[in-house]
Amino acid sequence: QKEECAMSLLVIWCSPNQEGLTAKCKSALVSGVLEYGMECSEVHLNRLNIGRCQVCSTGFGQCAQKGTCVLEDDFNRLYSLMQQCDALALVTPVYWHDMAEPLKALLDRVRRCDCKVNHALNGKKAMIVACAGGSGNGAIRCLGLMEDTLKHMGMDVRERLPVTRFSSDYMPKAIQSAAWHLCYELNEKQQ
């Protein structure tokens, strides 16, 4: 057993299907965090109002000046949660070899605020999960695109987990274990 830790992991996931493969993988991730004993919050992007970047001014507006976005939606609140957590996990279905549109919209806006001004996510540990139906061929490319975006912000991607309908029986257990080990790593670093 481990000692209690006051650290937290934020799970951001998106999928219109709350009973599908992506939801199953998100639940496995949350189970691993809770099994370790770390605080875990989850955000379902499909329930939030996060619009796409409006490319204000000459391409960079308030985001480049103040590190916040002018759009009045759920973005600034969620970005604040991302800054406050100790680690981040992103879980998405794969659409056309890429992450789902709600996650792309979020990360586009986070990147504009974080890279120019805040640098709050620099060094933050993350794990990413891509859930592909159909042939499953897009999962690896999707993870690569997600990792490129997070690394652009200086994040430390610790785990990349592709899931397909062919691996759906055993990958949730691997995701649960990976989440537990990420918590362990964070706790060891804290001590």
As straight-line cross-link partners of LYS151, the qualifying lysines (C-alpha separation under 17 Å, not fewer than 8 residues apart within one chain) are LYS104, LYS116, LYS124, LYS125
Note: probe point = Cα of PHE60 + 7 Å toward Cβ; backbone nitrogen < 16 Å; residues of segment 102-119 passing the test are 108-119
Asserting the computed 222 nm helical MRE of the chain (DSSP H runs at least 4 long, -39500 (n - 2.57) per run, divided by residue count, to nearest 500) equals -13000 deg cm²/dmol
Heavy-atom accessible area of MET99, protein chains in place, probe 1.4 angstrom, given in Å² to nearest 10, is 10
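Give me the percent of accessible area attributable to carbon and sulfur for the chain, probe 1.4 angstrom. Don't jump to the answer; show the numbers that get you there.
Numbers: 4330 of 9330 Å².
Heavy-atom surface of the chain belonging to carbon and sulfur, 1.4 Å probe: 46 percent.
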Residue by residue through segment 135-141, the couplings from Karplus 6.51 cos²θ - 1.76 cosθ + 1.60 with θ = phi - 60°, in Hz, x for Gly and Pro, are 6, x, 5, x, 4, 5, 4
ASP73 and LYS189 label points (each 7 Å along its Cα→Cβ direction) are spaced in nm at 3.0
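Summing Lys, Arg as +1 and Asp, Glu as -1, what charge do residues with Cβ under 13 Å from the Cβ of GLN54 carry, GLN54 excluded?
Summing Lys/Arg as +1 and Asp/Glu as -1 gives 0.
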Rounded to the nearest 10 Å², the accessible area of ILE140 using a 1.4 Å probe with every protein chain kept is 110
Residue-normalised value, i.e. accessible area per residue, for segment 46-191 at 1.4 Å probe, in Å², stands at 49
Between SER8 and residues 5 or more places away or on another chain, the pairs with built amide H atoms under 5 Å apart involve ASP86, ALA87
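For segment 1-105, rounded, prolate or oblate, judged on the Cα gyration tensor with a ≥ b ≥ c (square roots of eigenvalues), a/c < 1.5 rounded, else prolate if a/b > b/c?
In terms of gyration-tensor shape, oblate.
The values are calculated or read from the model by the stated rules, or taken from the named source; none is laboratory data. Please read all numbers here as calculations on a predicted model, not as lab measurements. Positions of Cβ are generated from backbone atoms using ideal geometry, with glycine treated the same way; all protein chains shown enter the neighbour counts. Each accessible area value is taken on the protein alone, full model and side chains, heavy atoms only, with ligands, DNA and RNA left out. Shrake-Rupley method; radii C 1.70, N 1.55, O 1.52, S 1.80 Å.
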